[in-house]
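Working notes, beginning with the structure itself.
The values are calculated or read from the model by the stated rules, or taken from the named source; none is laboratory data. Quick caveat: nothing in here was measured; it's all calculated off a predicted structure. Cβ placement follows ideal geometry from the backbone for every residue including glycine, while neighbour counts extend to all protein chains displayed. We work out accessible area using only protein heavy atoms, side chains counted, and drop any ligands, DNA or RNA first. Shrake-Rupley method; radii C 1.70, N 1.55, O 1.52, S 1.80 Å.
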Amino acid sequence: MPSTDVVELILQDHRRMEDLFRTMRSVEADRVTALQEFAHLLIAHASAEEDEVYPALRRYKNVDGEDVDHSVHEHHEANEALLALLEVADTASEEWEEKLEDLVTAVNHHADEEERTLLNDARVNVSDDRRAELGRLFTKARARYLESGCGSVENVRKLVAAVNG
């Protein structure tokens, strides 16, 4: 049976994003399809974290609220990097390669930090039952975002504009 532990579910998404980065770096691969899957996954994942996981973690005194705020800030940075890549028309161009590396850097930095801070704190301080409950809420929110086509360039533009407003 697949895990419902929110920490495990978030880690699974992080590993899938790394796989998609490998695909997008490959000249032989279908970069457009990989980028589309990545865009939907990144936005759904981050939005579900912000809706369901981060507010819950904020309530634990042994989880640093500043780490939560920092993670939200890094989601915005990743969204900006994603938008920049989505707006490059030619996947064989040098510009595409550069924007991809900016995105990889932003997302890997965030995933690494989140795994070392928030997720480790959650593993230690949040009960198994609560992590399972958060996992179910995260999965439902993530699915709702995926169904809405959240990774479309139009939606990512809206998200970036809302923050930079």
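Summary of values
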read-out: Selection status of Ala56, assigned to a loop (DSSP other than H, G, I, E, B) and either at pLDDT below 95 or more than 18 Å from the chain's Cα centre (by Cα) (or both); value: no
read-out: Scope region 3-41; condition of a type in the set (Ser, Thr, Tyr), touching a helix residue (DSSP H, G or I) at 6+ places or on another chain (Cβ under 7 Å) and at pLDDT 95 or above; matching residues; value: Thr23
read-out: Any chance Asn120 is in a helix (DSSP H, G or I) and surrounded by fewer than 17 Cβ atoms within 10 Å (Cβ to Cβ); value: yes
read-out: Members of region 8-33 that are part of a helix (DSSP H, G or I) and more than 18 Å from the chain's Cα centre (by Cα); value: Arg25, Arg31, Val32
read-out: Any chance Glu28 is under 16 Å from Ala81 (Cα atoms) and either surrounded by fewer than 22 Cβ atoms within 10 Å (Cβ to Cβ) or not β-branched (Val, Ile, Thr) (or both); value: no
read-out: Cβ pairs under 6 Å, 6+ apart, first in region 131-158 and of a type in the set (Gly, Ala, Ser), second open to solvent by less than 20 Å² (accessible area, probe 1.4 Å); value: Gly135/Val6; Ala141/Ala48; Gly151/Ala39; Gly151/Ile43
read-out: Count of region 123-142 residues which are open to solvent by 40 Å² or more (accessible area, probe 1.4 Å) and either closer than 17 Å to Leu42 by Cα or among the hydrophobic types (A, V, I, L, M, F, W, C) (or both); value: 5
read-out: Matching residues, region 5-46, being touching a Ser or Thr at 6+ places or on another chain (Cβ under 7 Å) and in contact (Cβ under 8 Å) with a residue 60 or more places away in the chain; value: Leu9, Arg31
read-out: Filter pass, Leu100 being open to solvent by less than 10 Å² (accessible area, probe 1.4 Å), within 19 Å of the chain's Cα centre (by Cα), modelled with pLDDT of 95 or more and over 22 Å from Glu8 (Cα atoms); value: yes
read-out: Condition broken by Thr105, with the remaining ones in (1) open to solvent by less than 40 Å² (accessible area, probe 1.4 Å); (2) closer than 17 Å to His14 by Cα satisfied; value: (1)
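A quick yes/no check of all residues on (1) part of a helix (DSSP H, G or I); (2) hydroxyl-bearing (Ser, Thr, Tyr); (3) modelled with pLDDT under 95; (4) under 14 Å from the mean Cα position of the chain (by Cα):
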residue	(1), (2), (3), (4)
Ile43	yes, no, no, yes
Glu52	yes, no, no, yes
Asp67	yes, no, yes, no
His70	yes, no, yes, yes
His75	yes, no, no, yes
